[in-house]
Amino acid sequence: MVIMMGQSSLAQQECGTPYSKDPYLDRGRLEQYIRQGRSAGDVVRLPVIARIVRHDDGTGGIAPGKLQPIFDTLNARFAQANIEFYQCGSPEFVDVNVFYDFNRDLYADSLVTYNLPEVINVYFINKVLSDDDFICGYASFPWRDTEYVVVKNSCAQNGSTLAHELGHYLGLLHTHETANGFELADGSNCTFTGDEICDTPADPRLRTSTVSTACAYVGTERDLNRDRYNPDPSNIMSYSRKQCRHFFSMEQIARMHYYLDRDRSHLGCSITHARDNAPSEVKVYPVPATHELTVEWGTVAPVQIRVFDLLGHEISISPRYDALQAQIDFSGVMPGLYVVTIYQDRDRVSRLISIARN
Ligand SMILES: [Zn+2]
């Protein structure tokens, strides 16, 4: 008797970072980084705010005490690249029920409304669903406008997923990428196909069935020339077994430093950041609203209110501010879910609100 099981229930959960092309790539400059071998030199330290997603009532979410071992392992992976991540302040909480088991197809980039722009915002989430499949995480490339690193809590503790996602954040593609053409096993077209990196061998998209538990490639796949692949199951940017992934190649490292200097040089940790502390006594009502929303707060310090849609785009609204409250007119806005963020001094709080009309 043959028992059929769904592929997705057996397959290990992978990454949801979609391919995109860097429209600004300066190949001459990148070549300089590769020739110089930027891994020698001072360690580049990068600030991270860990954002732990929990239920509305503050329950659930990864325990903050589990974060330090995760960062220790991450830094062990990045030591070869002379890059080190450190937590900028204590973890912050995003207490929003609909983000707890995060459906990316519904809520897209809406998490970015919680971002602080000067740090790497890493969201630790219970489950992440994308294209009807559970995934381990996803991240944005340096050439995209939105910035995020999302990791599922259980995958964050597997030793390689967070390093993989931060590899994307620093400009690395999957070693098995094919959106720009199939890389040949002999490496002859390595510059413009696959991961566009020549010291990582062509990769037929590794998976648990083609990587042994001893981390050896045991597949028999051949490329378009009928040559056998000889991929590297230790590469962090592959889909090898999670426990096998610990290696960045020299060109991958050079590429990360190219992007660090080009796109990530604004990163820094400063105590003047707005924190996710609720300004005093904030109330937002009615929920759902039809045309007008009232925001109330408790102290006379001035507040600023911004509204974002679930793609993270700011909605143009003009709140009518009063002494301790503001009215926001939503009559020109489509019904749906929005994130209202209230800033007061260095504090801020975000509320998910619903606009509903019959
Ligand atoms: Zn990935």
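Please treat every number below as a calculation from the coordinates, not as lab data. What you see is a predicted model, and the numbers here were worked out from it, not measured in a lab. Cβ sites come from the backbone with ideal geometry, for glycine too, and all protein chains shown count toward neighbours.
For the range 283-355, what's the relative contact order in percent, using C-alpha pairs closer than 8 Å and at least 6 residues apart?
36
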Residue with peak Gaussian network fluctuation, the chain [Cα springs, cutoff 10 Å], from ALA63, ALA50, ALA163: ALA63
Among the lysines, which have Cα under 23 Å from the Cα of LYS66 when same-chain residues fewer than 8 positions away are ignored? LYS127, LYS152, LYS242
Lone cysteines in the chain, defined as no other cysteine's Cβ under 4.7 Å from theirs: which are they? CYS15
Rg and Dmax [Cα atoms of the range 283-355; Å; Rg one decimal, Dmax integer]: 11.5, 32
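Can you pull out the chymotrypsin sites (Phe, Trp or Tyr not before Pro) in the range 166-241 whose DSSP state is coil and whose Cβ has at most 13 other Cβ atoms within 10 Å?
Loop-located and lightly packed - PHE192.
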Report the gain in length on full extension from CYS198 to SER154: 0.36 nm times residue separation, minus Cα-Cα distance, nm rounded to one decimal. 12.6 nm
Once the mean 1/r over all distinct Cα pairs of the chain is inverted, what Kirkwood radius in angstroms do you read off? 22.1
Taking Cα centroids, how far is the range 102-143 from the range 152-227 in Å? 22
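So what is the 222 nm mean residue ellipticity for the chain from helices alone, if each DSSP H run of at least 4 adds -39500 (n - 2.57) and you divide by all residues, rounding to the nearest 500 deg cm²/dmol?
After summing the helix terms and dividing by residue count, I get -4500 deg cm²/dmol.
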Just from the alpha-carbon atoms, what are the Rg and Dmax of the range 136-207 in angstroms? 13.4, 39
For the range 126-176, what are Rg and Dmax over the alpha carbons, in angstrom? 11.0, 29
Defining a contact as two alpha carbons under 8 Å apart and six or more residues distant in sequence, what relative contact order in percent does the chain show? 15
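Tell me, in nm to one decimal, what length is gained between ARG226 and ALA76 on full extension, where the rule is 0.36 nm per residue of separation less the Cα-Cα distance? Spell out each step's value before the answer.
Values: separation 150, 0.36 × 150 = 54.00 nm, distance 3.76 nm.
Length difference between fully extended and current span is 50.2 nm.
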In nm, to one decimal, how far is the modelled label at ARG320 from the one at PHE182, with both set 7 Å along Cα→Cβ? 6.5
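So if I place +1 on the C-beta of Lys and Arg and -1 on the C-beta of Asp and Glu, and nothing else carries charge, what would the dipole magnitude of the range 283-355 be about its Cα centre? I want it in debye, nearest 20. Please report the intermediate quantities before stating the final value.
Details: 6 positive and 8 negative charges, 27 e Å.
I would put it at about 140 debye.
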